[in-house]
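Have a look at the structure below, then the notes.
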Amino acid sequence: MRSTFIGRLVAYLYPKLPLRRVFLSLAAQREGGDFYSTTLRYVLSQHHRVEVGEYSYGSLLRPGAADPGTRIGRYVSIGPNVRRLGAAHPLDHLSLHPFCYSPRLGYAEPDDDVERSECMIESEVWIGANVVILPGCQRIGFGAVIGAGAIVTRDVPDFAVAVGNPARVITTRLDERQRAWLMDQQPWNLDPAEFTRVMKASREL
């Protein structure tokens with residue numbers, strides 16, 4: 001992963017910077033973009049509680065697009081305008097307004113807060129454009145595909161293809177032997193050169 005002096009400076013000063021997202025974007029570009037930027041990953045982890053694995057890219061790497069508690073594996077491809085929400089408005093409360101349940105706004109007590117879920121997006125996932133991942137989804141499995149515009153309300157298994165609103169599994173990618181080989185070898189843990197070599201060499205599986 002790549003880091004620059006400017007990137008380290010942005011990461012250090014991030015909470016105090018005006019136009020901080022502009023500076024973060026510039027630092028990430030200087031480090032090779034989403035694939036490689038250590039500054040982007042540091043800022044997401046330290047200031048937004050979002051963990052992003054190496055070589056992943058896309059709209060969930062923009063600050064604020066993924067709620068705290070989101071973890072993204074390696075080599076994950078994320079389309080435009082994807083959003084991951086970790087909490088919903090409390091339907092059993094008299095009021096649905098955040099003043100009545102969010103302590104950070106200064107009116108509610110900590111006990112009034114809604115449940116805030118975490119979500120693990122495993123490695124080698126592809127998430128299409130305009131997907132919304134709701135609190136009911138706590139895991140998207142290895143090698144899964146989420147179709148564009150899907151509303152994900154529950155967990156998605158490894159290698160599943162899920163589409164629609166609410167998202168439902170319509171098929172499973174690859175055959176059983178290929179899936180078993182991927183889970184055994186876990187090529188997503190390799191660096192890009194070796195990853196690419198192994199995947200090309202395994203096309204005949």
Quick query: amide H of ILE133 versus all other amide H atoms, modeled in the peptide plane; which residues come in under 5 Å with a sequence gap of 5 or more or a different chain? ARG83, ARG84, LEU85, VAL152
Under a Cβ-Cβ cut-off of 14 Å, what is the net charge of the residues other than GLU194 that fall near it, where Lys and Arg count +1 and Asp and Glu count -1? +1
Rg to Rh quotient for region 71-205, alpha carbon positions, Kirkwood Rh: 1.10
ARG62 accessible area, nearest 10 Å², 1.4 Å probe? 100
Just grab the label-to-label distance for SER102 and THR172, each label 7 Å out from Cα along the Cβ direction, in nm (one decimal). 4.0
Expressed as cubic angstrom per residue, what is the convex hull volume of the alpha carbon set of region 10-133? 116
Ignoring GluC sites (Glu not before Pro) that are buried or in helix or strand per DSSP, and keeping those with at most 11 other beta carbon atoms within 10 Å, what is the longest stretch of the chain between them? 1-114
Give the accessible area for ASP112 in Å² (nearest 10); use a 1.4 Å probe, count only protein heavy atoms, and leave out ligands, DNA and RNA. 60
Separation between Cα centres of region 79-120 and region 132-166, rounded to whole Å: 21
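The values are calculated or read from the model by the stated rules, or taken from the named source; none is laboratory data. All of these numbers come straight from a predicted model, not from anything done at the bench. Every residue, glycine among them, receives a Cβ derived from its backbone with ideal geometry; neighbour counts consider all protein chains shown. With ligands, DNA and RNA removed, areas are computed over all heavy atoms of the protein, side chains included. Shrake-Rupley method; radii C 1.70, N 1.55, O 1.52, S 1.80 Å.
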